[in-house]
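Here the structure is laid out as structure tokens; the discussion comes afterwards.
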Amino acid sequence: MDRIAITGGARLHGEIPISGAKNSAIKLMAASLLTDEPLRLTNMPRLADTRFLARLLQRLGTEVIEQDGPDGTETVLHTREIVSAFASYDLVRQMRASFNVLGPLIARTGHAKVSLPGGCTIGARPVDLHLEALRALGASIDLHEGYVYAQAPRGLTGGRIAFPFVSVGATEHAMLAAVLAKGESVLQNAACEPELGDLADCLNAMGAKVSGAGTSTILIQGVDRLHGATHPVIADRIETGTYALAAAMAGGEVRLTRTRCDFIDSLLDKMVEAGVEVTRHADGMTIKRNGARLQAVEIETDPYPGFATDLQAQFMALMTLADGESVIKETIFENRFMHAPELARLGADISVSGGEARVRGVGSLEGAPVMATDLRASVSLVIAALAAGGETTVSRVYHLDRGFERLEEKLGACGADIRRIKGDGEAEE
Ligand code: UD1
């Protein structure tokens with residue numbers, strides 16, 4: 001298996017173009033099941049997760065064409081007909097969000113059999129809210145042997161769905177199903193993440209009638225059919241925040257382009273509080289640190305517009321070298337501190353108790369072999385390694401490949417000493 005080797009100490013200078021958002025792209029790809037016409041997604045990231053989903057969609061009947069367009073990479077998805085409404089455990093367990101094909105399959109064909117995704121390293125991650133939402137839209141749902149059997153032979157009907165707490169995936173799933181339901185649906189206590197707005201924009205471009213996305217109440221007027229469209233995937237706010245933190249950790253001056261500051265306001269505010277210089281631009285931001293020590297600050301993860309749980313591990317990496325003690329509270333997932341013991345291998349001083357981590361800043365970090373445990377945790381190790389003395393090797397980088405496009409190339413272009421070591425031990429060219 002591949003590893004990433006980083007020799008710390010180099011300051012970063014340059015520009016990093018941000019890719020399309022993984023978490024948006026995979027829901028937009030699922031939306032292509034809702035129409036028999038082509039959906040063209042531009043600004044598409046090329047990632048292991050989008051490849052997994054493309055493979056599943058092909059089995060369901062989607063023709064998937066990846067091509068270079070005038071504005072970068074794009075994917076055309078065309079599902080003339082659904083040839084199978086079955087998503088196997090093998091495919092869904094590789095990428096949990098594959099579960100979101102369930103709603104579009106029921107909406108388009110009236111039936112589906114989709115594997116339950118199971119837990120993952122950051123928590124149990126049940127899908128009860130997804131299933132309740134589909135039931136509220138008139139689907140009958142049975143669970144047998146790890147599979148969801150869903151039926152709505154006369155089509156879905158609009159309904160009122162009041163989520164007991166905010167779930168990004170369940171809100172998206174309800175939206176994907178409700179656009180073809182008969183009548184009006186109301187989603188209350190909906191997630192407000194920018195990816196919800198992106199999905200609504202894409203569905204509306206396909207002929208859906210969705211309003212209120214980005215607020216806690218979303219109204220959907222069902223339509224009989226959707227048509228093809230072209231839609232650009234929004235910028236990846238987690239990739240943006242990750243490179244902002246990488247630049248702050250390594251020091252230097254890095255401009256992040258093709259993205260938006262307002263997507264990560266809560267992070268940027270905390271970075272400024274810690275002593276990082278942030279300059280906002282129309283198409284991104286410049287992150288600068290001249291080498292002065294940072295101050296410890298406290299964070300608590302929350303649904304958008306709060307501090308993103310997907311940036312918690314990366315922020316913890318930054319805090320390992322800050323003066324003072326930083327308290328980091330994780331409120332979204334129950335087991336999301338797996339990176340703490342790995343950061344400790346680099347010399348960080350972190351204690352974890354329940355949903356809270358205390359990070360006492362140390363004078364320096366020292367490179368060591370470490371192991372990636374999940375997607376965002378793995379990149380926090382890369383960030384820490386940029387400022388650690390000597391070499392760090394991160395194993396299990398398939399986690400990184402799920403969500404970060406050309407990571408070594410993007411950091412390397414700014415002067416980081418980072419390279420991939422292929423599974424056979426040979427360094428990649
Ligand atoms: C999405 C993101 C993930 C991010 C998370 C929170 C994708 C592919 N993934 O995940 O990167 O960390 O939002 O911002 O977009 N829950 C239930 N029952 C449900 C659904 C969720 O109990 O039916 C719980 C989860 O276990 C978790 C919390 O609700 O504790 C929030 O999860 P949710 O917002 O649904 O996250 P995902 O959509 O899975």
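The values are calculated or read from the model by the stated rules, or taken from the named source; none is laboratory data. This is a predicted model, so every value here is computed, not measured. When we count neighbours, we look across all protein chains shown, and the Cβ atoms used for this are built from the backbone with ideal geometry, even at glycine. These accessible areas exclude ligands, DNA and RNA; they are computed on the full protein's heavy atoms, side chains included. Shrake-Rupley method; radii C 1.70, N 1.55, O 1.52, S 1.80 Å.
Protein heavy-atom accessible surface, 1.4 Å probe, per residue over the range 290-352: 37 Å². Rg and Dmax, both from the Cα atoms of the range 23-232 and both in Å, are 15.4, 47. Within the range 23-232, DSSP assigns beta bridges of which about 75% are antiparallel (rounded to the nearest 5). Taking Cα atoms of the range 357-418, Rg/Rh with Kirkwood Rh, to two decimals? Answer for the range 357-418: 0.97. Calculated on the alpha-carbon coordinates, the convex hull of the range 277-429 measures out at 128 cubic angstrom per residue. At an R0 of 45 angstrom, the distance between the Cβ atoms of SER88 and SER216 translates into a FRET efficiency of 0.80. Among the listed pairs LYS27/LYS113; LYS27/LYS329; LYS22/LYS209, those with a Cα-Cα distance over 21 Å are LYS27/LYS329; LYS22/LYS209. All C-alpha pair distances within the chain, sorted into 20 Å bins from zero, spread as 27, 55, 18, 0 percent across the bins. For GluC sites (Glu not before Pro), the sites in the range 109-207 that DSSP calls loop and that have at most 11 other Cβ atoms within 10 Å are GLU145.
Counting only protein heavy atoms and a probe of 1.4 Å, the accessible surface of the chain is 48% carbon and sulfur. A full extension of the chain between HIS227 and ALA162 corresponds to an added length of 20.5 nm, given 0.36 nm per residue minus the alpha carbon distance.
Full extension of the segment from MET1 to HIS144, taken as 0.36 nm per residue of separation minus the current Cα-Cα distance, would add 48.0 nm. With R₀ fixed at 25 Å, the C-beta to C-beta distance from ALA205 to LYS182 puts the FRET efficiency at about 0.70.
Calculated mean residue ellipticity, 222 nm, the chain: -9000 deg cm²/dmol, from DSSP H runs (n ≥ 4) at -39500 (n - 2.57) each, averaged per residue and rounded to 500. Subtracting the Cα-Cα distance of GLU37 and ARG154 from their residue separation scaled by 0.36 nm leaves 39.9 nm.
Cross-link partners for LYS288 among the lysines, with Cα-Cα distance under 25 Å and sequence neighbours closer than 8 places in the same chain left out: LYS270, LYS410. For the chain, the relative contact order is 21 percent, taking Cα pairs closer than 8 Å that sit 6 or more residues apart in sequence and dividing their mean separation by the residue count. Structure remark: mean-square fluctuation, Gaussian network model of the chain, C-alpha springs under 10 Å; the largest value among SER19, SER185, SER140 belongs to SER140.
The convex hull drawn around the Cα atoms of the range 4-89, when projected onto a plane and averaged over every direction, covers 7.9 nm².
Out of all DSSP beta bridges in the chain, what portion is antiparallel? Express it as a percent rounded to 5. Around 70 percent of the beta bridges assigned by DSSP in the chain are antiparallel ones. Relative contact order of the range 23-232, taken over Cα pairs closer than 8 Å and 6 or more residues apart, is 20 percent. For the range 140-162, the residues whose backbone nitrogen is under 17 Å from a point 7 Å from the Cα of ARG59, taken along Cα to Cβ, are 145-150.
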